Amino acid sequence: MRVLMIGVLVLLYCGKTVHAQESFDFAANKKSLTIKSTIEPITIDGDLIEETWLRSIKHSDFYQQSPLDGVLAEKITEVQLAYDDNNLYIAATLYDDDDYVINTLKRDNFGQGDQFAVVIDPQNQKANGFAFGVNVAGAPTEALMSPDDVDDGWDNKWKVKTKTYPDRWTVEMAIPFKTLRFKSDNTVWGINFYREEPSINQQHVWSPVPRQFDGIDIGYFGELRWTEPPQSSGKNIAVIPYVSARIDNEPLNSPSQDFDITAGLDAKIALTTGLNLDLTVNPDFSQVDVDRQVTNLTRFNIFFPERRQFFLENADIFNGFGQFANSPFYSRRIGLDPSGNTVPILFGGRLTGNINQKMRIGAFSIQTADNEITNAQNYSALSGQHAIGKRSNVKAFFLSRQAFDGTESIRNDYGRNAGGEINLSTDDGVWQGQLGYVHSFKDGFSGKNKHLYGRVSYTGQQFRTFLFIQNLGENYYADMGFNARLNNFNPATNSIERIGYTQIGNMLDYYIYPEGGAVNFHWSGLENFVVINEGTGLNDWYTRLRHFIFFRNTSQLRFRLNNNFVDLIFPFALTETPLPVDEYNMTEFNIQYVSDQRKLFNFELFSVYGQFYNGTKFTNILDVNYRIQPWARFSVGIEQNNISLPDPYGSLNLTLANTSAEINFSTSLFWTTFLQYNTQSKDFNVNSRIQWRYSPMSDLFLVYTDNYIVDGKFGPKNRSLVLKVNYWLGI
């Protein structure tokens with residue numbers, strides 16, 4: 001096929017262009033430092049006046065990582081390290097003027113702005129690690145790291161403070177060894193330091209990282225050497241109980257209000273230096289951000305991200321299988337129904353971590369209660385990955401959903417998946433390959449029950465490409481996973497018909513990095529995605545040409561030309577009169593502009609015009625943001641889709657609007673309000689949340705949610721008010 005030939009030719013051509021990063025040798029310039037102990041008490045206040053900091057070595061000479069790499073950074077950053085029996089201490093001095101960019105005071109919002117982070121791999125195996133970051137205003141972020149994922153859903157205790165001066169800002173961190181979990185005989189750790197410098201739109205790192213990778217890429221850490229390795233800190237156990245009071249009201253069904261008080265707890269137990277057990281009893285997720293609504297103009301379901309912290313932590317060990325959105329594991333299948341409504345979770349446990357330097361495992365079992373829609377369910381999983389070399393691994397997993405009637409399992413009501421992957425990579429991460437297989441087990445379905453996939457990619461400085469192929473049989477089920485295309489709705493029969501398919505895709509990107517001037521880099525690309533249905537042949541062929549310009553002032557200008565061929569095998573019920581079965585060839589052009597994100601007022605404009613089946617579509621999206629630095633952010637977004645179709649299919653005008661207000665009273669007290677209006681789903685909803693971190697890792701939440709119907713008449717559908725308090729008790 002043409003798409004396959006394009007991908008093969010691209011890979012062959014890129015193979016001829018593989019070269020070292022110009023004249024810079026990243027491996028040879030890998031950095032190393034030695035840390036010394038201190039007996040002096042260090043007060044974490046951002047003021048680096050302790051004798052330890054006055055006499056310890058300052059490590060500087062940071063490298064630029066983006067938009068250029070392998071050259072020394074323009075602005076000076078100095079880091080210092082020390083340790084005692086309990087903590088690793090890090091001090092940083094970042095020289096700059098005082099025109100800082102501060103996007104928020106909320107924790108776990110590491111992104112654009114003046115920021116600093118340290119990333120640590122205590123095992124020095126490039127398999128997983130820890131990241132600790134802070135912005136100039138002192139808002140902290142912590143995350144777990146793996147070669148393919150940064151998990152900012154992880155929370156743990158540590159301390160950080162910042163302080164600003166006319167010509168610099170300083171950072172002071174204390175990271176407990178209990179938080180890091182390590183083996184006491186390991187004398188060399190992996191480490192790197194990262195600085196976000198928005199005034200010149202650059203990223204700086206201490207140990208150099210090629211610009212085609214993320215600045216905290218775990219494969220390019222420097223070395224932290226210990227003359228006397230710290231000792232293990234013993235037990236690391238935390239119990240987090242909560243109490244929640246809730247008032248619910250459904251005016252359409254009953255004028256009365258329901259009042260309920262619930263309690264539950266989570267526990268975090270470090271079984272070994274690398275293995276962790278998480279337990280939960282009657283968990284409550286009422287404080288979690290609401291889903292962002294979308295306009296769906298496709299024939300398939302939309303993927304919504306997970307937002308619940310229990311499922312975010314260490315999630316990559318379970319959800320890192322499959323291709324794109326075709327994943328055998330999708331945590332939103334647990335404790336949520338297809339509409340996103342809560343299904344009560346009774347209890348659960350999760351075991352994750354390393355059992356040795358090469359082997360990482362994950363296992364969980366979660367029990368949900370029955371309700372009016374479904375029986376009680378048990379969801380269980382077992383996953384493992386074994387490292388090969390520096391960046392390669394072999395992975396395997398088993399997933400099981402089992403229905404229960406009381407305490408008895410329902411014999412024929414189950415769904416299971418088993419499979420594995422091999423992921424190969426060169427030591428520098430430039431060439432990668434993947435081969436995976438998933439088998440589904442479901443009562444009454446055999447044959448055509450497999451998901452087979454493979455991928456090869458090249459990530460160079462200028463050329464980047466991938467070629468992938470996957471096949472899913474019509475009897476492949478993933479009860480704990482996500483797949484958008486297997487289920488096809490036929491409005492003529494008002495039924496779902498399952499159709500297996502093969503998908504092939506490839507991409508070619510080319511980057512140009514001008515030296516100096518207004519542009520940081522140009523990004524041009526070609527994409528092809530082909531879907532071939534079992535029995536009917538070619539179903540979709542999507543081709544995109546694009547050119548993006550990233551400016552030095554953080555603004556962006558993006559152009560895309562898209563062509564989509566669709567063989568519609570069932571009518572498409574987008575309007576009251578479904579579009580007929582036919583072949584459609586659609587071309588559209590879009591332009592997107594993102595203004596300077598450093599400005600207090602910034603915006604994004606996105607416009608699309610072109611063919612839409614047998615008609616036309618004109619889409620306009622505008623997002624406007626205003627920041628009162630550092631304590632407030634306000635945004636307004638509106639999306640308008642105007643679809644014109646010939647008679648008798650009619651026209652469609654869809655509006656999606658949202659507005660949000662975030663008030664940060666301090667780095668521990670926040671108030672966020674989010675409003676959404678969607679004419680496609682005929683919904684208007686309000687979500688307002690106050691969070692007070694009254695003690696380390698302990699929070700009080702007050703959450704108000706209100707949903708309205710906007711179909712014909714405007715009226716309340718349901719509303720709730722929740723007060724929740726949790727407390728982190730370390731043992």
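The values are calculated or read from the model by the stated rules, or taken from the named source; none is laboratory data. Because the structure is a prediction, the values reported are computed rather than measured. Here the Cβ is made from the backbone with ideal geometry for all residues, glycine too, and neighbour counts use every protein chain on show.
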Tally up the residues in region 385-400 that are touching a Lys or Arg at 6+ places or on another chain (Cβ under 7 Å) and either outside any strand (DSSP E or B) or closer than 20 Å to Tyr330 by Cα (or both), please.
5
All positions within region 354-378 that are farther than 30 Å from Pro122 by Cβ, surrounded by fewer than 20 Cβ atoms within 10 Å (Cβ to Cβ) and either touching a residue at least 60 places away in the same chain (Cβ under 8 Å) or not acidic (Asp, Glu) (or both):
Gln367, Ala369, Asn371, Ile373, Thr374, Asn375, Asn378
Give the residue that is farthest from Asn124 (Cα to Cα), with candidates limited to residues of region 219-237 that are at pLDDT 90 or above and surrounded by 15 or more Cβ atoms within 10 Å (Cβ to Cβ).
Trp226
Residues Tyr593, Tyr609, Tyr613: which one is on the phi > 0 side of the Ramachandran plot and free of Cβ contacts under 8 Å to residues at least 60 places away in the same chain?
Tyr613
How many of the residues in region 428-464 are part of a strand (DSSP E or B), polar (S, T, N, Q) and farther than 24 Å from Pro208 by Cβ?
2
Quick check on this structure: which one of Asn658, Asn678 is at pLDDT below 95 and crowded, with 16+ Cβ neighbours inside 10 Å?
Asn678
Only residues that are under 27 Å from the mean Cα position of the chain (by Cα), modelled with pLDDT of 90 or more and surrounded by fewer than 21 Cβ atoms within 10 Å (Cβ to Cβ): list them for region 175-192, please.
Pro176
Pairs where the first residue, in region 157-177, is touching a residue at least 60 places away in the same chain (Cβ under 8 Å) and under 15 Å from Ile49 (Cβ atoms) and the second is of a type in the set (Phe, Trp, Tyr) and surrounded by fewer than 17 Cβ atoms within 10 Å (Cβ to Cβ), C-beta under 9 Å, 6+ apart:
Arg168/Tyr95
May I ask you to list pairs of residues, at least six apart or on different chains, whose Cβ atoms are under 9 Å apart, with the first in region 112-133 being at negative phi and in a loop (DSSP other than H, G, I, E, B) and the second being β-branched (Val, Ile, Thr) and surrounded by 23 or more Cβ atoms within 10 Å (Cβ to Cβ)?
Asp114/Val136; Ala127/Ile218; Asn128/Ile218
Test: Phe701 is closer than 15 Å to Val290 by Cβ and either over 25 Å from the mean Cα position of the chain (by Cα) or in a strand (DSSP E or B) (or both)
yes
In region 159-264, which strands (runs of 3 or more DSSP E) lie fully inside it and hold 3 or more residues that are out of contact with any Pro (no Cβ under 9 Å at 6 or more places or on another chain)?
159-165, 168-176, 188-197, 222-226, 237-249
Would you mind stating whether Leu279 is touching an Asp or Glu at 6+ places or on another chain (Cβ under 8 Å), in contact (Cβ under 8 Å) with a residue 60 or more places away in the chain and either of a type in the set (A, V, I, L, M, F, W, C) or not in a loop (DSSP other than H, G, I, E, B) (or both)?
yes
Sole miss for Thr77 among (1) of a type in the set (S, T, N, Q); (2) at pLDDT 95 or above; (3) surrounded by fewer than 22 Cβ atoms within 10 Å (Cβ to Cβ) is condition (3)
